[in-house]
């Protein structure tokens, strides 16, 4: 009987399981959305939500707790500076699991694990992405105009043909 045995083992040793979950939590905070198996997503969600709750507290002990779990110091800083303020008025439920597909090869169920964002955050990100794409388009236009205006070299030397022997 498996009474009182909580959480998933993920077919790994304790050390390997802890390393995998730490890496997944770090990747989630870095990219704000990751794709993984459903079992790993459900386990990762537990730890990610704990880390966000620590970050919301914001004191030194919480920062040390998070720094001991998250793999990259820059991600710890991002968690405290940008991610935690998103959820100040929210008492939990910071992540969302969306089932996507069956993985080719072993037909394992895959899911997207992402941080939940408010409508205002999504609108802001959409505007930033549009502005960035627009700036990139203008840069390409300027580059094309500069290329057209540049004089073509008239006495260009043709490359030598290779002799086959």
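Read the figures in this text as sums done on the coordinates, not as results from a lab. Remember, it's a predicted structure, so these values are computed and weren't measured experimentally. Virtual Cβ from ideal backbone geometry, glycine too; neighbours counted across all protein chains shown.
Provide 69, 87 in ascending order of the number of other Cβ atoms located within 10 Å of each residue's Cβ, fewest first.
Values: 69 17, 87 20.
Ascending number of Cβ neighbours within 10 Å: 69, 87.
Exposure proxy check: 125, 114, 148, 43 ranked by fewest other beta carbons within 10 Å?
The fewest-first ordering by Cβ neighbours comes to 148, 125, 114, 43.
What translational diffusion coefficient, in µm²/s and rounded to a whole number, does the Stokes-Einstein relation yield for the chain at 20 °C and a viscosity of 1.002 mPa s, taking the hydrodynamic radius as the Kirkwood radius over Cα pairs?
The calculation lands on 108 µm²/s.
For region 49-114 and region 26-40, compute the distance between their C-alpha centroids and round to whole Å.
Centre-to-centre distance over Cα atoms comes out at 9 Å.
What distance in nm lies between label points placed 7 Å from Cα along the C-beta direction at residue 120 and residue 160?
6.9
Determine, from the Cβ-Cβ distance of residue 96 and residue 1 and an R0 of 35 Å, the FRET efficiency 1/(1 + (r/R0)^6), rounded to the nearest 0.05.
Rounded to the nearest 0.05, the efficiency is 0.60.
Please compute the modelled spin-label separation between residue 46 and residue 136, points set 7 Å along Cα→Cβ, answer in nm with one decimal.
3.9
Helix 60-69 against the longest principal axis of the chain: what's the angle in degrees, Cα atoms only, rounded to the nearest 10?
That helix lies at roughly 70 degrees to the long axis.
Over 14 Å, how big is the tail of the calculated P(r) for region 1-81, in percent of all Cα pairs? Mind showing how you got there, number by number?
Details: 2030 of 3240 pairs.
That fraction is 63 percent.
Using only DSSP helix segments of four residues or longer, with each worth -39500 (n - 2.57), what per-residue ellipticity at 222 nm results for the chain after dividing by its residue count and rounding to 500?
About -17500 deg cm²/dmol.
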